[in-house]
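Chemist: One structure coming up, written as structure tokens, with questions to follow.
The values are calculated or read from the model by the stated rules, or taken from the named source; none is laboratory data. Note that the structure is a prediction, hence the values are computed from the model and not measured. For neighbour counting, all protein chains shown are included, and Cβ atoms are generated from backbone atoms with ideal geometry for every residue, glycine included.
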Amino acid sequence: MDRPLTEWILSESLPIGLKRYEALGGYEAARKALAEMEPKAVTQTVIDSGLRGRGGAGFSTGMKWSFVPLGPEVPRPKYLICNADEMEPGTFKDRYLLEGNPHQLIEGMILGAYAIESEVAYIFLRAEYHRSHQVLTEALAEARAAGYLGKNIFGSQHSLEIHLHSSAGRYICGEETALLNALEGRRAVPRAKPPFPPVVGLFGKPTIVNNVETLYNIAPILQHGPEWFQKRSLTEDAGTKLYGVSGRVRKPGLWELPMGTPLREIIEEHAGGMCEGYQFRGVIPGGASTDFLVSEHLDLPLDFESVAKAGSRLGTGTMIVLDDRTCPVGMVHNLQKFFAHESCGWCTPCRDGIPWIEKILEAIDQGKGRLDDIDLLHRHVKHLGPGRTFCAFAPGAMEPLQSALKYFEDDFRRHIEEGRCPYHE
Amino acid sequence: MLSDQEKQEIEAELAHYERPQALCIEALKIVQKHRGWVSDEAIRDVGEAVGLSPHEVDSVATFYNLIYRREVGRHVIHYCDSVSCWVMGCDKIRNQLCQELKIQPGQTTEDQRFTLLPIPCLGACDTAPAVMIDEDLHGNLNSENLKDILARYD
């Protein structure tokens with residue numbers, strides 16, 4: 001099996017049901033693990049596989065699980081949450097999985113919940129994913145009717161209920177502690193860390209939050225083993241990855257490829273290269289809050305380590321291409337407008353700083369900028385950087401800005417010196 | 001006052017959460033589903049149902065962009081204005097929508113047919129530019145098919 005996340009998916013419009021999922025070997029891994037493995041052994045297998053979180057941060061999934069206290073003395077219930085609040089601009093990978101093969105998520109959640117001895121789980125789904133909501137509702141009902149959810153799953157001592165929670169909007173809900181507040185019915189502002197959610201999470205109980213794509217990897221890892229998982233990759237970071245491309249390319253889309261597939265291969269082969277009359281100028285590799293990469297990075301293997309070394313982040317792996325006829329200042333302005341809108345308002349640098357940045361960029365974009373605005377933007381990048389704000393939102397917002405200032409400085413200057421956007425006819 | 005149907009739906013959700021207050025967002029969504037939007041009266045109703053003051057409920061309601069605190073039209077158009085759609089020309093789509101409907105973003109047409117609102121990335125970037133009308137996603141938009149799509153909603 002080379003594409004464990006998507007191989008069984010027929011099409012998004014026709015999700016595979018329980019019967020077909022089982023005929024292909026689905027639920028075998030969960031059945032076996034619950035009968036034969038200790039919870040700790042499940043976690044150890046995931047640690048050994050080298051799986052890193054696919055939501056963007058890239059933390060070891062098994063390590064995260066190992067932080068949850070086990071045993072009868074621990075407060076109950078403990079919670080497992082699937083973060084399906086896919087709202088990172090440019091990202092459309094989790095929707096594809098949810099709408100194509102919902103049972104692989106449920107099986108991954110059964111295994112994850114077993115590993116951390118949790119009996120209640122939530123799928124936190126973004127409100128706009130109506131089709132996903134329908135597909136998941138049906139799949140959960142099927143799993144319940146078959147006895148795969150509820151009391152004594154597969155005849156074991158383990159019980160699990162999965163609730164589907166549909167959100168009400170706001171990008172910040174994807175931040176795991178803000179998500180916990182949203183699930184508790186509050187405003188989705190992030191919480192102070194420590195304590196970390198694996199110890200004090202939802203309703204104050206130990207809680208694990210995992211991304212959709214992360215959880216889709218769990219059943220295949222248990223089924224085929226850690227070594228098999230590592231061999232799916234071209235580099236040190238294990239497994240496959242869903243890569244996506246949007247922008248002015250011939251075939252925008254989504255592909256499951258070995259982790260570490262070079263940027264050039266994804267854009268030129270899978271996405272079919274640039275559209276007629278457009279040249280490649282750069283790319284934000286993993287959603288709105290990652291640094292630009294440019295032509296010199298085309299041979300970069302896209303994995304966590306390599307992209308970090310090049311000064312960006314793999315993020316969600318779904319990239320947005322900047323072409324030579326699109327204004328980089330306008331693009332960064334669009335991104336900062338989004339971040340200014342979506343700041344939760346909790347801490348001052350983010351709430352007040354990003355709208356200022358947006359105003360400066362708007363002025364430059366309209367040809368009303370001043371040369372010292374560039375210094376001002378550099379200063380803001382520093383003031384909103386890591387460690388200066390309550391959560392990772394503002395530092396994430398600064399990533400595309402700081403790299404745009406580095407790679408496209410001439411474009412900023414031309415806007416200011418010519419008093420107009422050179423990309424507008 | 002909550003209708004029997006609203007009460008029933010809220011109570012069904014109650015079993016899924018450790019505390020009734022956690023139901024605040026679910027309850028707001030249930031009320032909005034039945035009434036179209038969330039009025040001051042609806043805020044008080046939800047507060048009573050989940051054990052929060054109206055001010056607490058309103059602080060939650062006004063935080064989330066998909067809870068409507070003002071009346072909306074029969075159909076809500078959410079046009080994506082995030083980065084992939086911007087690169088692919090969503091500004092033109094927005095301008096066309098404003099022109100055809102004779103409203104600005106945030107407004108409702110006089111005949112109460114459409115409300116126009118921006119929305120962050122709809123996760124349809126490979127088919128950008130995209131809009132969501134009510135619960136339907138429409139991608140690969142251009143000036144021609146947009147007209148046909150609007151005609152489907154009366």
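Chemist: Of the conditions (1) touching a Gly at 6+ places or on another chain (Cβ under 7 Å); (2) within 14 Å of another protein chain (Cβ to nearest Cβ); (3) surrounded by 19 or more Cβ atoms within 10 Å (Cβ to Cβ), B:ALA61 fails just one. Which one is it?
Modeler: Every listed condition holds for B:ALA61 apart from (1).
Chemist: Quick check on my filter: what residues within the range A:110-145 are in contact with an Asp or Glu (Cβ under 6 Å, 6 or more places away or on another chain) and in contact (Cβ under 8 Å) with a residue 24 or more places away in the chain? Give the steps one after another, and end with the answer.
Modeler: First, the residues of the range A:110-145 that are in contact with an Asp or Glu (Cβ under 6 Å, 6 or more places away or on another chain): A:120, A:124, A:126, A:130-132, A:135.
Correct list: A:VAL120, A:PHE124, A:ARG126, A:ARG131, A:SER132, A:VAL135.
Chemist: Something else about it: Counting only residues that are farther than 17 Å from A:ALA168 by Cα and part of a helix (DSSP H, G or I), which one in the range B:10-24 is farthest from the other protein chains (Cβ to nearest Cβ)?
Modeler: B:GLU11
Chemist: Here's another thing I want to ask about it. Out of curiosity, is A:TRP356 over 24 Å from B:ASP91 (Cβ atoms), aromatic (Phe, Trp, Tyr) and surrounded by fewer than 19 Cβ atoms within 10 Å (Cβ to Cβ)? Give the derivation first.
Modeler: Numbers: over 24 Å from B:ASP91 (Cβ atoms): no; aromatic (Phe, Trp, Tyr): yes; surrounded by fewer than 19 Cβ atoms within 10 Å (Cβ to Cβ): yes.
Here the answer is no, as A:TRP356 does not meet what is asked.
Chemist: Please find, within the range A:304-318, the residue that is nearest to A:GLN402 (Cα to Cα) out of those that are within 14 Å of the chain's Cα centre (by Cα) and not in a helix (DSSP H, G or I). Quick ask: steps written out before the conclusion?
Modeler: Within the range A:304-318, the first condition is being within 14 Å of the chain's Cα centre (by Cα), and the residues that meet it are A:304, A:313-318.
If we keep only those that are not in a helix (DSSP H, G or I) too, we end up with A:313-318.
Details: A:ARG313: 13, A:LEU314: 17, A:GLY315: 16, A:THR316: 19, A:GLY317: 20, A:THR318: 20 Å.
Among those that are within 14 Å of the chain's Cα centre (by Cα) and not in a helix (DSSP H, G or I), it is A:ARG313.
Chemist: Among helices (runs of 4 or more DSSP H) lying entirely in the range A:30-102, which contain 1 or more residues that are within 14 Å of another protein chain (Cβ to nearest Cβ) and either crowded, with 19+ Cβ neighbours inside 10 Å or touching a Ser or Thr at 6+ places or on another chain (Cβ under 8 Å) (or both)?
Modeler: Numbers: elements: A:39-49, A:61-66, A:93-100.
Result: A:93-100.
Chemist: Same structure, new question: For the range A:368-381, enumerate the residues that are surrounded by 16 or more Cβ atoms within 10 Å (Cβ to Cβ) and either at pLDDT below 95 or more than 20 Å from A:CYS421 (Cα to Cα) (or both). Before the answer, list the steps.
Modeler: In the first step, residues of the range A:368-381 are kept if they are surrounded by 16 or more Cβ atoms within 10 Å (Cβ to Cβ); the result is A:369, A:373-374, A:377, A:380-381.
Selection gives A:HIS380, A:VAL381.
Chemist: Still on this model: Out of all the residues in the range A:319-343, which are more than 26 Å from A:GLY55 (Cα to Cα) and part of a loop (DSSP other than H, G, I, E, B)?
Modeler: A:ASP324, A:ARG325, A:THR326, A:CYS327
Chemist: For the range A:158-253, give me every one of the helices (runs of 4 or more DSSP H) that falls completely inside it and has 3 or more residues that are surrounded by 24 or more Cβ atoms within 10 Å (Cβ to Cβ) and touching a residue at least 40 places away in the same chain (Cβ under 8 Å). Working first, answer last.
Modeler: Details: elements: A:176-183, A:212-216, A:218-224, A:226-231.
Once the helices (runs of 4 or more DSSP H) in the range A:158-253 are filtered for at least 3 residues that are surrounded by 24 or more Cβ atoms within 10 Å (Cβ to Cβ) and touching a residue at least 40 places away in the same chain (Cβ under 8 Å), what remains is A:176-183, A:212-216, A:218-224.
Chemist: Just need a number here: residues in the range A:103-138 that are surrounded by fewer than 24 Cβ atoms within 10 Å (Cβ to Cβ), assigned to a helix (DSSP H, G or I) and in contact with a strand residue (DSSP E or B) (Cβ under 7 Å, 6 or more places away or on another chain).
Modeler: Number of matching residues: 2.
Chemist: Something else about it: Out of curiosity, is B:CYS90 assigned by TED's automatic domain parsing to the domain that holds B:THR115 and crowded, with 16+ Cβ neighbours inside 10 Å?
Modeler: Values: assigned by TED's automatic domain parsing to the domain that holds B:THR115: yes; crowded, with 16+ Cβ neighbours inside 10 Å: yes.
Judged against the criteria, B:CYS90 is a match.
Chemist: Among the residues of the range A:382-412 satisfying the criterion of being of a type in the set (A, V, I, L, M) and within 15 Å of A:HIS333 (Cβ to Cβ), which is surrounded by the fewest Cβ atoms within 10 Å (Cβ to Cβ)? Don't jump to the end; show me each part of the working.
Modeler: If we filter the range A:382-412 for residues that are of a type in the set (A, V, I, L, M), which is where we start, we get A:384, A:392, A:394, A:397-398, A:401, A:404-405.
Imposing the further condition that a residue be within 15 Å of A:HIS333 (Cβ to Cβ) reduces the set to A:397-398, A:401, A:404-405.
Values: A:ALA397: 27, A:MET398: 27, A:LEU401: 24, A:ALA404: 25, A:LEU405: 19.
The selected residue is A:LEU405.
Chemist: Being surrounded by 22 or more Cβ atoms within 10 Å (Cβ to Cβ), more than 21 Å from the chain's Cα centre (by Cα) and not acidic (Asp, Glu) is the requirement here; does B:SER84 meet it?
Modeler: Values: surrounded by 22 or more Cβ atoms within 10 Å (Cβ to Cβ): yes; more than 21 Å from the chain's Cα centre (by Cα): yes; not acidic (Asp, Glu): yes.
Yes, satisfied.
Chemist: In addition: Looking at the range B:118-141 only, could you name the residues that are more than 8 Å from chain A (Cβ to nearest Cβ) and either closer than 11 Å to B:SER82 by Cα or in contact (Cβ under 8 Å) with a residue 40 or more places away in the chain (or both)?
Modeler: B:PRO118, B:PRO129, B:ALA130, B:VAL131, B:ILE133, B:ASP134, B:LEU141
Chemist: Could you please give the count of residues in the range A:1-29 that are among the charged types (D, E, K, R) and in a helix (DSSP H, G or I)?
Modeler: Narrowing the range A:1-29 to residues among the charged types (D, E, K, R): A:2-3, A:7, A:12, A:19-20, A:22, A:28.
Next, only the ones that are in a helix (DSSP H, G or I) stay: A:19-20, A:22, A:28.
Within the range A:1-29, residues that are among the charged types (D, E, K, R) and in a helix (DSSP H, G or I) number 4.
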